[in-house]
Amino acid sequence: MDWPEVKVWRREAREKILAARAAIALPVRQTMARRLSERLRVALQDRPQPVSFYWPIKAEPDLRPLMQELDASGVALCLPVATKVGEPLAFRAWRKDTPMMRGFWNIPVPAVDEPVQPRTLIAPVLGYDGLSYRLGYGGGFFDRTLTKYGDDAEAIGVGYTMFHLKTIQPQPHDVRMSAIVTQTGTLTRDKVNAGSEVCYMSEAEAAYAGFYTPAETAAALDGLRGLLPPERIGLLDYALWRLNAPTEQFVAPAGKTPSEILGQMLPRIRDDALHATIAALLASLAVG
């Protein structure tokens, strides 16, 4: 792809991912964020301080409980502050009792202008690929910031397994993360594609029936469209976008609920990210 084509593709990817992330039921997202925080806590053990986190927006993983825990243990933390479009981020110290104010796009930032230079940056990702490249919102703030600090800081991307993409179509201005942490695993830059993030041994017996082809998966998912609550359609649309396959005619089994159909599908989905997407949809249906 050339750059104009990449921009179009990324715009569509962002739209699909944002809609899918918002479609995950809040209790399910909270569980995913807790699991992610557990892995991130381990990943941060030997990282230099101060550590920059972020204030969650748009259904991003909420890491604020981990921030409070690290602050209580004496870890130096800070938050990013956007000062001007097109410029690198600035950073201000954060503690659990730090007063907050509204910054760019109404994102809360520390009200006290106590500038610091982070040594480790936690960067929320929309999507990521096996080379540890991050798909962000498109403003370029984190890429410019990482370029500014160079070897004086390293970045850890955080996001959800379901948004692991084959590629983000990296460009010369994109900066690789030193690691990507999700709720199911950690991908490090020096261990690219070392193996699957998750293993479904408990599902092995059902998998002997054979994995679905992309077309079969797309057909089965598309056949559920009229049966799903509107607030969960973003997950369905993201899964179909990932598959990018023509749908075959699919007739939902008589008397089967969407949850039962998805539960039968799950062991026959080979792709980890698609498996995680369907699992999130199934869990979201379970909580209403």
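How far is helix 3-23 tilted off the main Cα axis of the chain, in degrees rounded to 10, range 0 to 90?
The answer is roughly 80 degrees.
Pulled fully out, how much extra length does the chain show between ALA286 and ALA72, if you take 0.36 nm times their separation in residues and subtract their Cα-Cα distance?
73.5 nm is the gain from fully extending ALA286 to ALA72.
Once the Cα atoms of helix 26-43 and of the chain are each reduced to a long axis, what angle between those two axes, in degrees from 0 to 90 to the nearest 10, is obtained?
50
Run the dipole for the stretch 10-109 about the Cα centre, Lys and Arg Cβ at +1, Asp and Glu Cβ at -1, nothing else charged, and hand back the magnitude in debye, nearest 20.
It comes to approximately 280 debye.
Among TYR149, LEU165, GLY130, which residue has its Cα furthest toward the positive end of the charge dipole of the chain, with +1 on Lys/Arg Cβ and -1 on Asp/Glu Cβ?
So the residue furthest toward the plus end is TYR149.
Would you look at the GNM of the chain, springs on alpha carbons closer than 10 Å, and say which of GLY140, GLY255, GLY210 moves the most?
Looking only at GLY140, GLY255, GLY210, the biggest GNM fluctuation is shown by GLY255.
For an R0 of 51 angstrom, estimate the FRET efficiency from the Cβ-Cβ distance between ASN106 and ASN244 and round to the nearest 0.05.
Rounded to the nearest 0.05, the efficiency is 0.90.
Using Cα atoms only, what is the angle between the long axis of helix 233-243 and the major principal axis of the chain, expressed in degrees (0 to 90) to the nearest 10?
80
Roughly how big is the stretch 6-58's charge dipole about its Cα centre, with Cβ charges of +1 (Lys, Arg) and -1 (Asp, Glu), in debye to the nearest 20?
Its charge dipole is roughly 160 debye.
Filter the cross-link list LYS7/LYS166; LYS84/LYS166; LYS58/LYS166; LYS16/LYS96 down to pairs whose alpha-carbon distance in this structure exceeds 27 Å.
Over 27 Å apart, Cα to Cα: LYS84/LYS166; LYS16/LYS96.
Taking the Cα centre of the chain as origin and charging only Cβ (+1 Lys, Arg; -1 Asp, Glu), how large is the dipole, in debye to the nearest 20?
Its charge dipole is roughly 440 debye.
Calculated from the structure, semi-axes √(5λ) of the Cα gyration tensor in Å equals which of [x] 35, 20, 18; [y] 38, 22, 16; [z] 31, 22, 15?
Comparing each candidate, only [x] matches the computed number.
Given an 8 Å cut-off on Cα distances and at least 6 residues of separation, report the relative contact order of the stretch 1-148 as a percent.
Over the stretch 1-148, the number comes to 22 percent.
Every number in this text was worked out from the coordinates using simple rules, so none of it is lab data. In this text the structure is predicted, and so the values were computed from the model without any measurement. Please note: Cβ atoms are built from the backbone with ideal geometry, for glycine as well, and neighbour counts cover all protein chains shown.
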